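The values are calculated or read from the model by the stated rules, or taken from the named source; none is laboratory data. None of these values were measured; they are calculated from a predicted model. Note that each Cβ is placed from the backbone with ideal geometry, even for glycine, and that neighbours are counted across all protein chains shown. Surface areas here come from the heavy atoms of the whole protein model, side chains and all, with no ligands, DNA or RNA. Shrake-Rupley method; radii C 1.70, N 1.55, O 1.52, S 1.80 Å.
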Amino acid sequence: MRLVAALFLVLALLSFVPPIASAHFKLLAPQSWIVENNLGDPQKLGPCGGTSADGGMPTNIVNKIQGGQKLHLKLQETVFHPGHYRVALAVNSRAELPADPESVTKESARGPQSVSAAIDKQPKMPVLADGLFPHTVRMNDPWETDIDIPNINCPKCTLQIVEFMAEHGVNKDGGFFYHHCADLQITADPAKPIDRRWPAAR
């Protein structure tokens, strides 16, 4: 009898503890540079996923695309959380990728919780798009859009997709963000001028 009463007490106490929520997403297109499981893991560590304990297994896939065209981006959110996405491109090194956006937080019983993150409404190189797919409700279908790719030659660029999660506690490796990347081989369209705003591939 005492055991049953203790069990009910524990369950009652747990009902007052806010759950640890954790959004996840899979990069469906272009193909990811690392192997992702059904949730999209590993994806916490910036700039391109993995975790401090698991850097991820490379797929060795290099997606071939033409510069000056649109790239189809397709994401599947596997665990819901309010938020949005940002896309950036590095030509020579992942060190060219921007830092995760600055976040506004509030204090909660479990420590800092995310409220919002800065969105650049007029993104500049190396950011290609920001504030994509803003949502506050669960979306079962994949997120899809076309991203303008600069007309450059790049044997192995890095396309980065960052997810900001609102109403979220701090992730050990990623703060309030999850990360995925894809390797791109971009071949410039000869009918269009080279986009000189971007660095030349070395």
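Tabulated data
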| read-out | value |
| --- | --- |
| Spacing of the two label points (7 Å from each Cα toward its C-beta) at Gln66 and Lys124, in nm | 3.1 |
| Under Karplus coefficients 6.51, -1.76 and 1.60, residue-wise ³J(HN,Hα) of region 196-201 in Hz, glycine/proline x | 6, 5, 9, x, 6, 5 |
| Nearest 10 degrees, 0 to 90: helix 2-14 Cα axis against the chain principal axis | 40 |
| The chain, accessible surface, carbon-and-sulfur percent (1.4 angstrom probe) | 58 |
| Those lysines that a straight Cα-Cα span of less than 27 Å connects to Lys192, excepting residues fewer than 8 apart in one chain | Lys64, Lys70, Lys74, Lys121, Lys124, Lys156 |
| At R0 = 25 Å, FRET efficiency that the Cβ-Cβ distance of Leu39 and Ser93 yields, to 0.05 | 0.30 |
| Where the chain is the region considered: accessible area per residue in Å², 1.4 Å probe | 55 |
| Expected 222 nm ellipticity per residue - DSSP helices of 4 or more, -39500 (n - 2.57), all of the chain, to 500 | -2000 deg cm²/dmol |
| Full-stretch length increase - Glu102, Asp146 - with 0.36 nm per residue and alpha-carbon distance subtracted | 13.3 nm |
